[in-house]
Structures are given as C-alpha cells and as structure tokens.
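Worksheet: the structure to be examined is printed underneath.
Just so it is clear, none of the values below were taken in a lab; they were calculated from the coordinates. Values in this document were obtained by computation on a predicted structure and should not be read as measured data. Cβ atoms come from the backbone with ideal geometry, glycine included; neighbour counts cover every protein chain shown.
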Amino acid sequence: MELATLMRGDSAAQRSENAPAGTDHLRGLKILVADDEGLIGDVLRSGLELRIGCTPVIASTGDEAIGCLRTGGFGLMITD
C-alpha cells in the first residue's frame, strides 16, 4: 500500500482488510516511537495507526521518550 493511501485515512474496515498478514495481535497495541526525525515519526505513525491499527505515541527527544515510558502502558518501543 502506498503512503498516499495510508495518509488519506481509509475507514477502519478497509484498514482491517488491508492489514499485513500476521499483525492481528498488534491491533490496539500502544507503541512508543522515539525518533528525532519528524518525517520518520510521521511515516511510522501513519503505517502503525492506519495500516495495522496500533496506537502510536511519537517522542522526538530522549527525554520525551523517558517521560512517556514513565507513564507506562506501552507494549512496544521503536527507536532509531
């Protein structure tokens, strides 16, 4: 699926149908993405949220990521 399609915001039903195989267990998972490159964070947010159905939280600094981790509730963290 192209980024333009992801960014358009298809319906939840379409997202479920287009989700990559083997990602059902990730749907609804809260994921912390720690990356200081805004574009990378935006692309990851779009892919995780729109394609897989996760709930991404983007942290643009290490301090921000640590603060997010202290609040808890993350099932996965992606860093660069």
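Below are the figures for this structure:
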| read-out | value |
| --- | --- |
| Neighbour net charge for residue 55 - beta-carbon separation under 11 angstrom, K R +1, D E -1 | +2 |
| Two-site label geometry, residue 79 and residue 29: point separation in nm, points 7 Å out along Cα→Cβ | 1.8 nm |
| ³J(HN,Hα) computed for each position of the range 37-52 - Karplus, 6.51 cos²θ - 1.76 cosθ + 1.60, integer Hz, glycine/proline x | 9, x, 5, 4, x, 5, 5, 5, 4, 4, x, 5, 6, 7, 8, 9 |
| For the range 14-80: rounded, prolate or oblate by the Cα gyration tensor [a/c cutoff 1.5] | oblate |
| Highest average packing first - 40-49, 64-73, Cβ atoms within 10 Å | 40-49, 64-73 |
| Nonlocal amide H pairs with residue 55, under 5 Å, H built at 1.01 Å | 28, 29, 30, 31 |
